[in-house]
Amino acid sequence: MMKVYLDNNATTMVDPEVKAAMDPYFTEIYGNPNSLHDFGTSCHPALRKAMDQMYEAIGARDEDDIVVTSCATESNNWILKGIYFDLIKNGDKDHIITTEVEHPSITAVCRWLEEQGVRVTYLPVNQEGIVEAHTVRDFITDKTALVSIMWANNETGAIFPVEQIAEICKEKGVLLHTDGVQAVGKIPVDVIQAGVDFMSFSAHKFHGPKGVGALYIRNGHPLTSLLHGGEHMGGRRSGTLNVPGIVGMGKAIELANYYLKFEEEHVRRLRDKLEDAILELPDIYSVGPRANRTPNTVLVSVRGVEGEAMLWDLNRAGIAASTGSACASEDLEANPIMTAVGADSELAHTAVRLSLSRFTTEEEIDYTIEQFKKAVERLRAISSTYAYMPENMKA
Amino acid sequence: MAKTDLIGGSIWEEYSQKVQELMNNPKNQGELTEDDAKRLGGELIVADFGAESCGDAVRLYWIVDPKTDKILDAKFKSFGCGTAIASSDTMVELCKGKTVDEAVKITNIDVEKAMRDEPNTPAVPPQKMHCSVMAYDVIKKAASLYKGVDMESFEDEIIVCECARVSLNTIKEVIKLNDLKTVEEITDYTKAGAFCKSCIKPGGHEEREWYLVDILADTRREMEEEKLKEAAEKQASGEEISFNDMTLVQKIKAIDSVIDESVRQYLIMDGGNMEVLDVKQNGQYTDVYIRYLGACSGCASSTTGTLYAIESTLKEKLDPNIRVLPI
Ligand SMILES: Cc1ncc(COP(=O)(O)O)c(C=O)c1O
Ligand code: FES
């Protein structure tokens, strides 16, 4: 049976080139970069190179900081909690603006901040799954400490108007953070051109290793540390440097940028082919216009078929997909995205996300199309949505 | 939290083989029509339960013989995850050949148990239990249609959780049937409280008349009272209840009476006495905390000899898992 991995927004395969770049830093060059001896200093060139690769890839300037963290969840926690300490608890601000569709590593922190007395505004998205820039303006007050808005959404791939939002924030004098996890490596990301103050990103979403992320900090803006300890990362984040991880992240982001054109052309073509074929089936729709989505993502809603049932059938056919809806996750909530974009409530539990990568092949897409259709057929045959109900028994 | 919880497992790994097979090949999936009813000489009943917006909906078809009330044939259709499909399939299997009155007695527990591979291993993880509750509810719905019970009166229940539309009766029943002890369990079984969470306790998103925490406390109290009453009835009818089946209050009474009958007199003979301070259930053990009074209290042998005597008397007369602890 063919095995097809279409869950690249959850995590990606480490590119063999990335693995090769990391390899020497496990058993050969394993010193602590903070040590004075040769074992320690011998990893410095690779670390410097990796930092160069990261700065180059996102367009950061030398006066900016890119602090490597353990994951984007840490970066997101750091920016929100740091701003809370600096500008709210020990300052005169009391308000944060974010959106209804952020990753839990933003929303859960915001909920916690609310418990600490912070006011949080969760901006709704429109039918296309994005926040319109002007709504940000409507909610900024002189008490607003931070605006945190994702660059691209993990479920739908919808790309947010970060540049326009940055202009509004700049005009109002409010700091802007963006969760760039789903944007970096999929679309061009230039922090200076976009005008953001902070950006989180994560290596395992662009064929780098898991457990390495980063927070971009414009102009080395002060931010209370989350991890106190030794003077690592210029004193901004303590913890012995994850040397192989950083080397891998550097290589991965360089490669991702190199393949951006390929992503834009080849991956997009495969995604569109898959989406077109799925949309040929009746009563299926995809969320958000293609032109404004990351090229690798499609979220489809299959009327009458519960998302987890769909995943089950796909998995039996060797295909990995995902759903944020009901049964698949630990809790029983509907997929918040479906509610957020204002889909029919009957569709709240029908979403299936397919996310490709530059390693996805045409053959895999053809196979997926075939299997997807089979699954829809089988499950719709079982579904009560399409089943017979005598007139006199209708509720 | 413990070792096993730290790396989250896939809920799919917790499905029994039976559940997995039924998800792949449900046997009773399909529709029944008026034609089928005519052919079999019965009445067609079609009942819906749940809603797609909640993530689970099931439609149950019955053909019932109006003379005998027997379910001649049954089928289902389901919008739901695999476990909903498997539970519905099992539920239909259990309905077939039963009378409507018998079918109504099928509970979600019966459905879940029927899907187990091993008698003591649940067929689905707890957060999937609501799928079998749904299967149970739809039978009641079908029966109410067949019996001509007014649909309005069916809807007239007190709805505790609006998001999941779960009634007070369902919640109480589920607590009693499954011996639920926490609000989280209620949520796993019924979905009540899984959404906006307003119905869990006061102070949520929205003010409500009923809260799961209160219902749980009240129902547990009712259960305790029922148990007491049952025991009293049993006693009245001369039936012995085992120490294990007693409530804590009954256990304390039983311990007191054994001490009064068989222990205290010997202590008094020696110029001492004792009192029971507390009785606690500690896993399988019943711990009896006592204090010596009078002559016993300073006597060195009290902690060994007397203690041994008291403990073995209680063990012999009541239960081998009693431990006596002097304070
Ligand atoms: C938008 C978004 N933000 C943050 C994260 C968290 O990233 P990490 O796994 O590095 O903590 C993810 C990953 O699922 C994501 O999709
Ligand atoms: S009322 Fe129960 S979860 Fe909303």
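Would you confirm, using the coordinates I've provided, whether A:Ala309 is surrounded by fewer than 24 Cβ atoms within 10 Å (Cβ to Cβ), within 14 Å of another protein chain (Cβ to nearest Cβ) and touching a helix residue (DSSP H, G or I) at 6+ places or on another chain (Cβ under 6 Å)?
no
Going by the structure shown, is A:Thr11 of a type in the set (Ser, Thr, Tyr), touching a residue at least 24 places away in the same chain (Cβ under 8 Å) and in the same structural domain as A:Leu241 (by TED's automatic domain parsing)?
On the way: of a type in the set (Ser, Thr, Tyr): yes; touching a residue at least 24 places away in the same chain (Cβ under 8 Å): yes; in the same structural domain as A:Leu241 (by TED's automatic domain parsing): no.
Answer is no for this residue.
Among (1) among the small types (Gly, Ala, Ser); (2) more than 16 Å from ligand 2 (Cβ to nearest atom); (3) buried (at least 20 other Cβ atoms within 10 Å of the Cβ), where does B:Ser242 come up short?
Looking at each condition in turn, B:Ser242 falls short on (3).
Of A:Leu215, A:Leu146, A:Leu176, which residue is open to solvent by less than 10 Å² (accessible area, probe 1.4 Å), away from ligand 2 (no atom under 16 Å from the Cβ), touching a Cys at 6+ places or on another chain (Cβ under 8 Å) and outside any helix (DSSP H, G or I)?
Details: A:Leu215 fails: touching a Cys at 6+ places or on another chain (Cβ under 8 Å); A:Leu146 fails: touching a Cys at 6+ places or on another chain (Cβ under 8 Å).
Going through A:Leu215, A:Leu146, A:Leu176 in turn, the sole match is A:Leu176.
Of all residues in the stretch B:170-218, count the ones that are away from ligand 2 (no atom under 12 Å from the Cβ), within 14 Å of the chain's Cα centre (by Cα) and more than 23 Å from B:Phe49 (Cβ to Cβ).
Of the residues in that region, 5 qualify.
In the stretch B:196-279, which helices (runs of 4 or more DSSP H) lie fully inside it and hold 1 or more residues that are assigned by TED's automatic domain parsing to the domain that holds B:Ile290 and acidic (Asp, Glu)? Give the derivation first.
Details: elements: B:212-236, B:248-262, B:264-269.
Correct list: B:248-262.
Filter the stretch B:32-78 down to the residues that are assigned to a helix (DSSP H, G or I) and at the interface with chain A (Cβ under 9 Å from one of its Cβ atoms), then identify the one that is surrounded by the fewest Cβ atoms within 10 Å (Cβ to Cβ).
To start, the set of residues in the stretch B:32-78 that are assigned to a helix (DSSP H, G or I) comprises B:34-40, B:52-54.
Narrowing the set further to residues that are at the interface with chain A (Cβ under 9 Å from one of its Cβ atoms) leaves B:34, B:52-54.
Values: B:Glu34: 13, B:Glu52: 23, B:Ser53: 16, B:Cys54: 24.
Result: B:Glu34.
So is A:His228 farther than 25 Å from A:Met13 by Cβ, in contact with a Pro (Cβ under 9 Å, 6 or more places away or on another chain) and of a type outside the set (Ser, Thr, Tyr) or not?
Working: farther than 25 Å from A:Met13 by Cβ: yes; in contact with a Pro (Cβ under 9 Å, 6 or more places away or on another chain): no; of a type outside the set (Ser, Thr, Tyr): yes.
It is false that A:His228 is farther than 25 Å from A:Met13 by Cβ, in contact with a Pro (Cβ under 9 Å, 6 or more places away or on another chain) and of a type outside the set (Ser, Thr, Tyr).
Testing A:Arg269 on (1) open to solvent by 50 Å² or more (accessible area, probe 1.4 Å); (2) more than 23 Å from A:Lys374 (Cβ to Cβ); (3) in contact (Cβ under 8 Å) with a residue 24 or more places away in the chain, one condition comes back false. Which one is that?
Condition (3) is where A:Arg269 drops out.
What is the one condition in (1) away from every other protein chain (no Cβ under 14 Å); (2) closer than 18 Å to A:Ala10 by Cβ that A:Val352 does not satisfy?
The number of the failed condition is (1).
Sort out for me the strands (runs of 3 or more DSSP E) sitting completely within the stretch A:256-375 that have 2 or more residues that are farther than 23 Å from B:Gly8 by Cβ.
Numbers: elements: A:284-286, A:297-302, A:351-355.
Qualifying strands (runs of 3 or more DSSP E): A:284-286, A:297-302.
Quick one: B:Ser88 ticks every box in (1) closer than 21 Å to A:Glu346 by Cα; (2) at the interface with chain A (Cβ under 8 Å from one of its Cβ atoms) bar one, so which box is it?
Tallying (1) closer than 21 Å to A:Glu346 by Cα; (2) at the interface with chain A (Cβ under 8 Å from one of its Cβ atoms), B:Ser88 fails exactly one: (2).
So, in the stretch B:184-222, of the ones that are aliphatic (A, V, I, L, M) and surrounded by 19 or more Cβ atoms within 10 Å (Cβ to Cβ), which residue ends up nearest to the other protein chains (Cβ to nearest Cβ)? Walk me through it before giving the result.
Our first condition is that a residue be aliphatic (A, V, I, L, M); within the stretch B:184-222, this holds for B:186, B:192, B:194, B:200, B:212-213, B:215-217.
Those left that are additionally surrounded by 19 or more Cβ atoms within 10 Å (Cβ to Cβ): B:186, B:192, B:194, B:200, B:212, B:215-216.
Numbers: B:Ile186: 13, B:Ala192: 11, B:Ala194: 4, B:Ile200: 13, B:Leu212: 15, B:Ile215: 19, B:Leu216: 19 Å.
Ranking the candidates gives B:Ala194 first.
The values are calculated or read from the model by the stated rules, or taken from the named source; none is laboratory data. Just so we're clear, the structure is a prediction, and the values are computed from it rather than from any experiment. No Cβ is skipped: glycine too gets one built from the backbone with ideal geometry, and neighbour counts run over all protein chains shown. With ligands, DNA and RNA removed, areas are computed over all heavy atoms of the protein, side chains included. Shrake-Rupley method; radii C 1.70, N 1.55, O 1.52, S 1.80 Å.
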